[in-house]
Amino acid sequence: MKASSVRYLTGQGLKSIWTNRMMSFASFCIILVSLLMVGLSVLFSINLNRIIGGIEGKSEVIVQIKDDVDKKDQAELRKKLEAIPNVNKVEFYSKEKAWKNMLKGMTEEEKSFFQYADDNPLPDTYRITVVDIKKMNETTTQIDTFDSVESTKSPTAFADVLVSIRRVVAMISGAIVLALIIVCMIIISNTTRASVFARRKEINIMKYVGANNRFIRIPFFIEGMVVGIFAAGVALLLTMFAYNGLYSILNEDFKIWNILGVKSLYSFKDIFWPVTIAYAIAGAFIGAVGTSISIGKHLKV
Amino acid sequence: MVEFNDVSVTYSSGVDALHNVNLKINDGDFAFVVGPSGAGKSTLIKLILKEIDATSGTVLVNGFNLNKLRRRKIPKLRRTIGVVFQDFRLIPTMTVYENVAFVLRVIDAPVKYIKSRVPYVISLVGLSHKAKAYPTELSGGEQQRVALARALVNDPQLIIADEPTGNIDPALSYEIVDLLKGINECGTTILMVTHEHDLVRSFGGRIININKGSIAFDEFIGGSNES
């Protein structure tokens, strides 16, 4: 195809957005609403995932070190712990610090009982956070085999609950997003079909004068794509306003995440580019492909 | 050149639209196709444009064997044929110029050629002053002349005019047939389907009468306005 034809067809596509403005506006609105519904659901889902991830990150494995292990062996153990792929962070917690903290949480009566104890009965520990909570059990078993380790304590039951919650949340949010995508696709396909149906005579005439399918499809494709990108732009602005509004309520006014002690929500700044790119691609794809699929049936003349 | 050999068409509804039609229209012919409604005239045109396939028999059009022509090659066939419809079928969102130029855009004609050819063809049908008008701003006769300009702009081998005078004033009908005759004199084959017997009698020429799916007669008659 010559460059002049490409220019012509692109021009025709852009022109027909205006000439068929009512139908273009209908497609625009439908794509906009669809992107907002799916986009906001995805954002809700990834934030929920992040919150659960934050809680998971707080789950620690406590590694008690044998009393007779000297500083050199402790350092050796640390190296071994850090070498385990599922270990995220290793933090030393001395027995003195643990003893002080324990006394802090006691009543005066209890404190007086322990005050004159000759020896600190608590062990030195390493506190470990893991990368994948699902493998916490496996990691704990491995640590147990190290010589310098007296014992390990890990919230495996809690970890299992978190894993289950994450799975259920992923399934439910995935199902909601999928259902929304299907509903949106049906609505979009009906709108584009109606838009194309209104122009079936035009397509018919093009076929009679010898236009091939590609020649007929390209302007529709460009028209759909441009409408989709416009819808994506507006969806991005609306998402930004809605998200930032909610973010300030949840993150700043309520300080709710600090109370829970978990990672805060993503700020819109963090997710601006992924959201922009996802909206632009989805908008352009829905607009272009939706329209060109809808004209398929009218091309069989 | 159009050639039908033992062509029959039976629609899926069971209607026998054409049976065993044998017909040959040579290059440069001007033929009127007449006959009552439902006789099979539209089926004949649909076959030539490969809108439908023959149930049996062979159809040859402008060197294409339509029985063997693949769907994706249909545009190539149609680019050798100009079609004028009773209801004009102009693209409402395009101006007169754009409607006519569209046919050349389809065949990827050079822009320079489009710019010289389109105004020339529009002038042939006497509508230079309406080149920038939209179809809705034109009368029926003018719209049909635009359709005629569109049909001949890429210099087709064959022009099919399907009741081209059906939606316009009788006085203008003669004008349209005059234009078609003029185009025919330049060598283009014309096949004109019509109901208007007066028009046929007046111009004369080859008359193909179709009745109940068969060719009732195929003869040359002299026109009353022929000198």
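The values are calculated or read from the model by the stated rules, or taken from the named source; none is laboratory data. Keep in mind that what you see is a predicted model, and the values were worked out from it rather than measured. Quick reminder, even Gly has a Cβ in these numbers, built from the backbone with ideal geometry, and neighbours come from all protein chains shown.
When the criteria are applied in full, B:S123 fails the requirement of being away from every other protein chain (no Cβ under 12 Å), under 27 Å from B:S12 (Cα atoms) and not in a loop (DSSP other than H, G, I, E, B). Scoring A:D70 on the criteria (1) assigned by TED's automatic domain parsing to the domain that holds A:A235; (2) at pLDDT below 90 leaves a single failure, condition (1).
Of the helices (runs of 4 or more DSSP H) that lie entirely inside the range A:135-231, those containing 1 or more residues that are closer than 30 Å to A:V289 by Cβ span A:156-197, A:200-208. The condition of being free of Cβ contacts under 8 Å to residues at least 12 places away in the same chain and surrounded by fewer than 21 Cβ atoms within 10 Å (Cβ to Cβ) holds for only one of B:D108, B:D53, that being B:D108.
Residues of the range B:174-227 that are surrounded by 21 or more Cβ atoms within 10 Å (Cβ to Cβ) and small (G, A, S): B:G213 alone. Residues in the range B:148-201 that are aliphatic (A, V, I, L, M) and out of contact with any strand residue (DSSP E or B) (no Cβ under 9 Å at 6 or more places or on another chain) were compared, and the one that is farthest from the other protein chains (Cβ to nearest Cβ) is B:A171.
Exactly one residue out of B:R78, B:R117 is within 8 Å of chain A (Cβ to nearest Cβ) and under 25 Å from B:G182 (Cα atoms): that is B:R78. For the range B:2-30, a tally of residues being at positive phi and in contact with a strand residue (DSSP E or B) (Cβ under 8 Å, 6 or more places away or on another chain) returns 3. Going residue by residue through the range B:64-72, is there one that turns out to be more than 10 Å from chain A (Cβ to nearest Cβ), among the hydrophobic types (A, V, I, L, M, F, W, C), in contact with a Lys or Arg (Cβ under 7 Å, 6 or more places away or on another chain) and in contact (Cβ under 8 Å) with a residue 12 or more places away in the chain? Taking every residue of the range B:64-72 in turn, at least one turns out to be more than 10 Å from chain A (Cβ to nearest Cβ), among the hydrophobic types (A, V, I, L, M, F, W, C), in contact with a Lys or Arg (Cβ under 7 Å, 6 or more places away or on another chain) and in contact (Cβ under 8 Å) with a residue 12 or more places away in the chain. Taken over the range A:185-215, the residue count meeting the criterion of being within 7 Å of chain B (Cβ to nearest Cβ) and among the polar types (S, T, N, Q) is 1.
Would you confirm, using the coordinates I've provided, whether B:P156 is modelled with pLDDT of 90 or more and in a loop (DSSP other than H, G, I, E, B)? Yes. Across the range B:81-96, which residue is farthest from the other protein chains (Cβ to nearest Cβ) among those that are assigned to a loop (DSSP other than H, G, I, E, B) and within 18 Å of B:S42 (Cα to Cα)? Checking each candidate, the answer is B:Q86.
Can you find even one residue in the range A:40-58 that is farther than 22 Å from A:D270 by Cβ, charged (D, E, K, R) and either assigned to a helix (DSSP H, G or I) or under 36 Å from the mean Cα position of the chain (by Cα) (or both)? Scanning the range A:40-58 turns up no residue that is farther than 22 Å from A:D270 by Cβ, charged (D, E, K, R) and either assigned to a helix (DSSP H, G or I) or under 36 Å from the mean Cα position of the chain (by Cα) (or both).
Considering (1) at positive phi; (2) without any contact (Cβ under 8 Å) to a residue 12 or more places away in the chain, the lone condition that B:E163 does not fulfil carries the number (2).
Does B:V61 satisfy the condition of being away from chain A (no Cβ under 14 Å), buried (at least 16 other Cβ atoms within 10 Å of the Cβ), in contact (Cβ under 8 Å) with a residue 24 or more places away in the chain and in contact with a strand residue (DSSP E or B) (Cβ under 7 Å, 6 or more places away or on another chain)?
Values: away from chain A (no Cβ under 14 Å): no; buried (at least 16 other Cβ atoms within 10 Å of the Cβ): yes; in contact (Cβ under 8 Å) with a residue 24 or more places away in the chain: yes; in contact with a strand residue (DSSP E or B) (Cβ under 7 Å, 6 or more places away or on another chain): yes.
Answer is no for this residue.
Take the range B:166-201 and flag every residue that is without any contact (Cβ under 8 Å) to a residue 40 or more places away in the chain and outside any helix (DSSP H, G or I). Selection gives B:I168, B:D169, B:C186, B:E196. Selection over the range B:160-198 of residues that are within 10 Å of the chain's Cα centre (by Cα) and either farther than 24 Å from B:S224 by Cα or polar (S, T, N, Q) (or both) gives a count of 1.
Considering only residues of the range A:16-25 that are touching a residue at least 40 places away in the same chain (Cβ under 8 Å) and part of a helix (DSSP H, G or I), which is nearest to the other protein chains (Cβ to nearest Cβ)?
Within the range A:16-25, the first condition is being touching a residue at least 40 places away in the same chain (Cβ under 8 Å), and the residues that meet it are A:16-17, A:20, A:23-24.
Filter again for part of a helix (DSSP H, G or I), leaving A:16-17, A:23-24.
Working: A:S16: 7, A:I17: 11, A:M23: 12, A:S24: 13 Å.
Looking at the filtered set, the residue picked out is A:S16.
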